[in-house]
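*Asks:* One structure is given below, represented as structure tokens, and several questions about it will come after.
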Amino acid sequence: MATETTTSSTPSDTSVSVCRPCCSEKTLAYLVMRVLLGLMLLLAGAEKFKSSDSPYFYSFKNWHDDVDAKSGEVIKAGRWLPIVKVIFESGGLNNPEVFQFGTFLDTKKADGSIQKGGERISNFVSHLFRIYGQGLPYAMMIAGAMILFGFLNRIGLFLGGGIWMSLAAGQMILPDNATVFMLSQYTLMVVVALALVKYNRFAITRF
């Protein structure tokens, strides 16, 4: 009489995670790229505060305008103005004729004259350029420090990539193709770092 035999099979435990070495080649590759990208942004932002003439020194006043405390007039323009002004003017953004979107933006002055809406738009764009130009080095240093020390890596890399891409867009207006190509390479390096961010091990935060 044949007896029926049953074999019990032990199910494989799928909950056991694979241990990844902390010093694998991909982990070290991301670390090297992270340090490089962080230093590039951090030092590029700090360089904006360096004086343009010898003897060189670093000060926040070098980037910003020197304004008279009483009258509020600009005595000496900061380093931000020549950089932003070239793109602002070469792109035609200072030309009111480019920004004529209709009479609904026109305003009537006290003397009875009409101020065209395009002038208001160009003034608004100039304020945006001023805010961007004066805040650029601070954003670069913040993003660079976040990437370098591994604090909120994904946010720091995304911010750094946005900064390089915005600078490339400004050079496209001039146009300066050599600089655009260089800044595009910086942006692509950030893209590669974002793709490898899962291999981040030596950092303050894992995110």
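*Asks:* Determine, for each peptide in 44-55, 25-36, the mean count of other beta carbons within 10 angstrom over its residues, then list the peptides with the highest first. Mind dumping the intermediate values first?
*Replies:* Working: 44-55: 13.1, 25-36: 15.9.
The peptides rank, most packed first, as 25-36, 44-55.
*Asks:* Here is a follow-up. Ranked highest first by average number of other Cβ atoms within 10 Å, how do 185-193, 64-72, 137-145 line up?
*Replies:* On the way: 185-193: 16.8, 64-72: 10.2, 137-145: 19.4.
The densest-packed peptide leads the list: 137-145, 185-193, 64-72.
*Asks:* Then there's this: How about Lys26: which lysines have a C-alpha closer than 26 Å to its C-alpha, ignoring those fewer than 8 places off in the same chain?
*Replies:* The reachable lysines, counting only those whose Cα sits under 26 Å from Lys26, are Lys198.
*Asks:* Provide the solvent-accessible area of Arg201, counting protein heavy atoms only and rolling a 1.4 Å probe, rounded to the nearest 10 Å².
*Replies:* About 60 Å², rounded to the nearest 10.
The values are calculated or read from the model by the stated rules, or taken from the named source; none is laboratory data. Not measured: the values here are computed from a predicted model. Note that we place each Cβ from the backbone using ideal geometry, even for glycine, and neighbour counts take in every protein chain shown. These accessible areas exclude ligands, DNA and RNA; they are computed on the full protein's heavy atoms, side chains included. Shrake-Rupley method; radii C 1.70, N 1.55, O 1.52, S 1.80 Å.
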